[in-house]
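To start, the structure under review is shown below, and the notes come after it.
The values are calculated or read from the model by the stated rules, or taken from the named source; none is laboratory data. Keep in mind that what you see is a predicted model, and the values were worked out from it rather than measured. No Cβ is skipped: glycine too gets one built from the backbone with ideal geometry, and neighbour counts run over all protein chains shown.
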Amino acid sequence: MTDVKIRLFVDHPLGAGQSLVLDKAQAHYLFGVMRQQIGAHLAVFNGKDGEWLAEVTEAGKRGGSLRCVDLRGPQVNPPDLWLLFAPIKKARTDFIVEKAAEMGAARIVPVQTDFTNAERIRQDRLQAHALEAAEQCGGTFVPEVSDLTKLSALLASWPEGRKLMFCDEGIAGQADAQALLKAVGAGPWAVLIGPEGGFSAAERARLHAAAFAQPVSLGPRILRADTAAVAALTVWQQALGDWT
Ligand code: SAH
């Protein structure tokens, strides 16, 4: 297989012989920053059609084009796992989105809980982080980052058949997550991580009463929300996901 150093997400159908027009930012990156020239090879993916080998056919300051040569690898989608998390400070929220994409979350949903400080998020910026993470980690799938949604609204219209791994700091060290997840079994799932202040008593009561929610512990120590997100996705992937 042709060795390539660059992977680029392109919002364009991919197929043998297909030509792709690059936008200004992509042209700047490929030709300005990475110094690629006509004839250079790179990998492209669009989140649907697998990974393709592409060749530079035009290279300019403000634009350029590529031609798809060969399929390099099939489309690989992650398991049907959502990450619900309460946005925290900007850098830590960016970290959570980047890590969730690397860890194979299929959808990332920022949620507003009783103790969430953030009133709004920059969905476009978070989506760009998820895309960059996919480019970097060799994935062919880019998780969608949703707009900020109220946790109460989400729970009130919870999708039928989806289970919720409720990471509950209130039972830290008391409930073996791996064993509980395996006992519930595979299928569509979501992971829920609370904010720095944790969940309110009302939220915890509601989640403990919900048939679709499985409360779990992430060990005896209280983790920061960003650590907890990565730890929870690890435990889920190992128990029910695509790690095995
Ligand atoms: N301030 C809270 C902790 C919040 S930690 C307190 O002191 O209780 C942020 C989030 O990470 C929590 O809401 C929970 O979803 C998750 N979390 C952190 N450590 C955890 C643990 N040991 N078990 C389960 N969830 C945990």
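Quick rundown of the values:
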{"quantity": "Test result for SER157, surrounded by fewer than 19 Cβ atoms within 10 Å (Cβ to Cβ) and in contact (Cβ under 8 Å) with a residue 40 or more places away in the chain", "calculated": "no"}
{"quantity": "Verdict on ALA172 being surrounded by 13 or more Cβ atoms within 10 Å (Cβ to Cβ), within 10 Å of the ligand (Cβ to nearest atom) and under 23 Å from LYS90 (Cα atoms)", "calculated": "no"}
{"quantity": "Criterion violated by ASP70 - all others in (1) in contact with a strand residue (DSSP E or B) (Cβ under 7 Å, 6 or more places away or on another chain); (2) under 30 Å from VAL230 (Cα atoms); (3) among the charged types (D, E, K, R) satisfied", "calculated": "(2)"}
{"quantity": "Residue list for region 1-58, restricted to those being of a type in the set (A, V, I, L, M), touching a residue at least 24 places away in the same chain (Cβ under 8 Å) and not in a strand (DSSP E or B)", "calculated": "MET1, VAL4, ILE6, VAL10, LEU14, ALA16, ALA27, LEU30, MET34"}
{"quantity": "Residues that are more than 14 Å from VAL111 (Cα to Cα) and either near the ligand (Cβ under 9 Å from one of its atoms) or without any contact (Cβ under 8 Å) to a residue 24 or more places away in the chain (or both), drawn from region 175-196", "calculated": "ALA175, ALA177, ALA179, ALA183"}
{"quantity": "Residue that is surrounded by the most Cβ atoms within 10 Å (Cβ to Cβ) [pool: residues in region 46-88 that are under 21 Å from GLN26 (Cβ atoms) and in contact with a helix residue (DSSP H, G or I) (Cβ under 8 Å, 6 or more places away or on another chain)]", "calculated": "GLY64"}
{"quantity": "Selection within region 218-244 - charged (D, E, K, R) and more than 16 Å from the ligand (Cβ to nearest atom)", "calculated": "ASP242"}
{"quantity": "So LEU207, is it hydrophobic (A, V, I, L, M, F, W, C), touching a helix residue (DSSP H, G or I) at 6+ places or on another chain (Cβ under 9 Å), under 21 Å from MET103 (Cβ atoms) and assigned by TED's automatic domain parsing to the domain that holds LEU151", "calculated": "no"}
{"quantity": "Residue match in region 94-115 (condition: farther than 30 Å from GLY185 by Cα, modelled with pLDDT of 95 or more and touching a Pro at 6+ places or on another chain (Cβ under 7 Å))", "calculated": "yes"}
{"quantity": "Candidates GLN112, GLN123, filtered to the one that is assigned by TED's automatic domain parsing to the domain that holds LYS163 and in contact with a Lys or Arg (Cβ under 7 Å, 6 or more places away or on another chain)", "calculated": "GLN112"}
{"quantity": "Criterion (free of Cβ contacts under 8 Å to residues at least 40 places away in the same chain, surrounded by fewer than 17 Cβ atoms within 10 Å (Cβ to Cβ), closer than 19 Å to LEU126 by Cα and in the same structural domain as LEU192 (by TED's automatic domain parsing)) met by exactly one of ALA106, ALA91", "calculated": "ALA91"}
{"quantity": "Failed item, numbered, when PRO215 is tested on (1) out of contact with any His (no Cβ under 8 Å at 6 or more places or on another chain); (2) within 15 Å of the ligand (Cβ to nearest atom); (3) over 14 Å from THR113 (Cβ atoms)", "calculated": "(1)"}
